[in-house]
């Protein structure tokens, strides 16, 4: 890559970092973790962390990570609305393939749309909007999923005033993982090196592995598992039972993303060493009781 190409690529990265989306994060997974850092510069994020910690005189670091992470999960699950695809389209519009000129962006678009189509084909009969989204994908269209910071999520609160519970904002699975990771850092539940996102353009989940513990898994805001509760769910028997329970939650995964770097398996594209990727997979395998 010459200097001109490098400068253009850096500029494109800055533009995408200002407004990360499902499609831009497909080719640039580091946009996901950049949002964690952006959230940590937000007073609204720190205000939420103080609300979660409550009035206890004990510092967050003095509490067991499991207790504080359960509080974080309760806050994100209870105060944010997991929006449906067409609700994202109402706010952000549609992503349209026909207007993509850049070859690399077009390749990333087609890859992401292929993953989304596979995911919704597997959800046929389970979610009512799957057939409509498959038709959208055939036309090169999809609701635009923008991955915002905490401040932008909260700015959309007035648009949700008709919903019960008066949610603070609307979120996708990626947003929820980013929020939980940001709050976990703010509340000293973990370090940067303890964070692993596992997922694909279709769905993201979050693993946290604080030192001295067996780890935690957030299926976005839907579910929160400690090692014991996950084992109890799948019965703790054969790896097949664990695999079935896992696949019910993660239909497709193609990447791991950490603050240190990422790996996208189908493309053998990684900013992490092979040793680092293996160590990440081993942590998740031990927690899940199966081989990813």
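Within the stretch 25-52, count every residue that is part of a helix (DSSP H, G or I), modelled with pLDDT of 95 or more, closer than 19 Å to residue 261 by Cβ and touching a helix residue (DSSP H, G or I) at 6+ places or on another chain (Cβ under 7 Å).
7
Which residue pairs have Cβ atoms under 7 Å apart, sit 6 or more places apart or on different chains, and have a first residue in the stretch 158-182 that is in contact (Cβ under 8 Å) with a residue 40 or more places away in the chain and a second that is in a loop (DSSP other than H, G, I, E, B) and surrounded by fewer than 19 Cβ atoms within 10 Å (Cβ to Cβ)?
Close Cβ pairs (under 7 Å, with a partner that is in a loop (DSSP other than H, G, I, E, B) and surrounded by fewer than 19 Cβ atoms within 10 Å (Cβ to Cβ)) amount to 169/156; 170/156; 182/40.
Under the condition of being in contact (Cβ under 8 Å) with a residue 40 or more places away in the chain and out of contact with any helix residue (DSSP H, G or I) (no Cβ under 9 Å at 6 or more places or on another chain), which residue from the stretch 95-116 is nearest to residue 142 (Cα to Cα)?
Out of the qualifying residues, it is 96.
If you go through the stretch 1-20 one residue at a time, do you hit one that is part of a helix (DSSP H, G or I), at pLDDT 95 or above and under 23 Å from residue 185 (Cβ atoms)? Reasoning before the result, please.
Looking only at the stretch 1-20, we keep the residues that are part of a helix (DSSP H, G or I), and these are 3-18.
Next, from what is left, pick out any that are at pLDDT 95 or above: none.
For the stretch 1-20, residues part of a helix (DSSP H, G or I), at pLDDT 95 or above and under 23 Å from residue 185 (Cβ atoms): absent.
Assuming residue 165 fulfils every condition listed in (1) surrounded by fewer than 22 Cβ atoms within 10 Å (Cβ to Cβ); (2) modelled with pLDDT of 95 or more; (3) in a loop (DSSP other than H, G, I, E, B) apart from one, which condition is it?
Here residue 165 meets the rest and fails (2).
Within the stretch 242-259, track down each residue that is touching a strand residue (DSSP E or B) at 6+ places or on another chain (Cβ under 9 Å) and either more than 17 Å from residue 202 (Cα to Cα) or free of Cβ contacts under 8 Å to residues at least 12 places away in the same chain (or both). Working first, answer last.
Narrowing the stretch 242-259 to residues touching a strand residue (DSSP E or B) at 6+ places or on another chain (Cβ under 9 Å): 249-250, 252-259.
Within the stretch 242-259, 258, 259 qualify.
From the list 117, 101, pick out the single residue that is assigned to a loop (DSSP other than H, G, I, E, B) and over 26 Å from residue 179 (Cβ atoms). Don't jump to the end; show me each part of the working.
Numbers: 117 fails: assigned to a loop (DSSP other than H, G, I, E, B).
Answer to the selection: 101.
With (1) part of a helix (DSSP H, G or I); (2) exposed (fewer than 13 other Cβ atoms within 10 Å of the Cβ) as the list, and residue 286 as the residue in question, which single condition is left unmet?
(2)
Considering only the stretch 120-147, state which residues are closer than 24 Å to residue 249 by Cβ and in a loop (DSSP other than H, G, I, E, B).
123, 124, 125, 126, 127, 128, 129, 145, 147
The values are calculated or read from the model by the stated rules, or taken from the named source; none is laboratory data. This structure is a prediction, so every number in the text was calculated from the model and none was measured. Reconstructed Cβ throughout: ideal geometry from the backbone, glycine too, with neighbour counts over all protein chains shown.
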